[in-house]
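The values are calculated or read from the model by the stated rules, or taken from the named source; none is laboratory data. For clarity, every value in this text was computed on a predicted model and none was experimentally measured. Positions of Cβ are generated from backbone atoms using ideal geometry, with glycine treated the same way; all protein chains shown enter the neighbour counts. Side chains included, ligands, DNA and RNA excluded: accessible areas come from the protein's heavy atoms. Shrake-Rupley method; radii C 1.70, N 1.55, O 1.52, S 1.80 Å.
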Amino acid sequence: MEERSTVRMLEPCLVLAEATSLSPSLVTLESSQLSLSAPFRLTDEQWTSQLDGCVLQPSDSATECFAFMPAASAELTGDVQKTLGHLTLRFRREGGPLSRLRVELPHVTIESVPIAVEVRMPAHGTVRQPFAVFYVVHNRTAHAHEFDCIMEATEHFMFSGSAQTSVHVLPYSSTQLAFNLYPLVPGFVALPRLRIQVKHAPAPKDIVVENMLPKRIFVMPSDRASTEPVAAC
């Protein structure tokens, strides 16, 4: 996981909120309440706090984690900065009254990206054993788009599938591209790179989806050699 100051529309992200006790006595976290600003929403509407009833010793820390995403909105044009909202903690020191602390969540920039791409593939591969990879291209806009999808060749893999194709995707819909990859070398190997170009855009440009997709996969050596008969001396 890496710290980010930008998010993309309809792409889930995590927020970690850490509470550290500075009191010399026990502190009980009675409850916590999360309030998100528009257009953000929780990915799980049944979210419940992990801190409710947590007891902290002096200098102890507890972390709250929740998943959110910017909801689709026609009002979001271009990159805009929004505040996430706030987190309210209700806690009680040992023998003390109930206290309340409101923590403002940071501002983030919502990137206006017309697409999102996810990949479905195995966790690892084996030399000279093909495996399937599926790229799901999502149209995140209120307009239909045509995309040119280009799979760049690499010396570490052979692949079958259309190296260059055009796809039409309806608003807030998706399409799937399928490839079979054939690893040639073992190790932590760079995957072929998928590039996407939005056609008929006012300023056409390639969108390299490196940050949306895994860049490498671990390829194990083939075990064929271990199965070959060995002559006895």
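A few points about this structure:
- Note on the chain: dipole from Cβ charges, positive end direction compared against 188, 149, 83; the farthest Cα belongs to 149.
- Calculated FRET efficiency, residue 6 to residue 142, Cβ-Cβ distance, R0 = 25 Å: about 0.70 to the nearest 0.05.
- Dipole in debye (nearest 20) - the stretch 1-99, about Cα centre, beta carbon charges: Lys, Arg +1; Asp, Glu -1: 220
- Nearest-20 debye value, the chain charge dipole, Cβ charges on Lys, Arg, Asp, Glu: 160
- This model, with +1 at the C-beta of Lys and Arg and -1 at the C-beta of Asp and Glu, gives the stretch 50-162 a dipole about its Cα centre of some 560 debye.
- Pairs of alpha carbons in the stretch 87-193 whose separation is greater than 23 Å (percent): 52
- FRET E, pair residue 60, residue 30, Förster distance 22 Å, beta-carbon r, rounded to 0.05: 0.90
- In the list [x] 139; [y] 168; [z] 186, the label attached to volume of the Cα convex hull per residue in Å³ as derived from the coordinates here is [z].
- The alpha-carbon positions of the stretch 38-118 define a convex hull whose volume is 135 Å³ per residue.
- Rolling a 1.4 Å probe across the protein heavy atoms gives the chain an accessible surface of 59 Å² per residue.
- Each helix, a run of at least 4 DSSP H residues, gives -39500 (n - 2.57); summed and divided by the residues of the chain, these come to 0 deg cm²/dmol at 222 nm.
- Portion, in percent, of the accessible area of the stretch 1-109 that falls on carbon or sulfur, probe 1.4 Å: 49
- Normalised size of the stretch 1-67, defined as Cα radius of gyration per 2.2 N^0.38 Å with N residues, equals 1.31.
- Heavy-atom SASA rank of 195, 216 (probe 1.4 Å, accessible area, largest first): 216, 195
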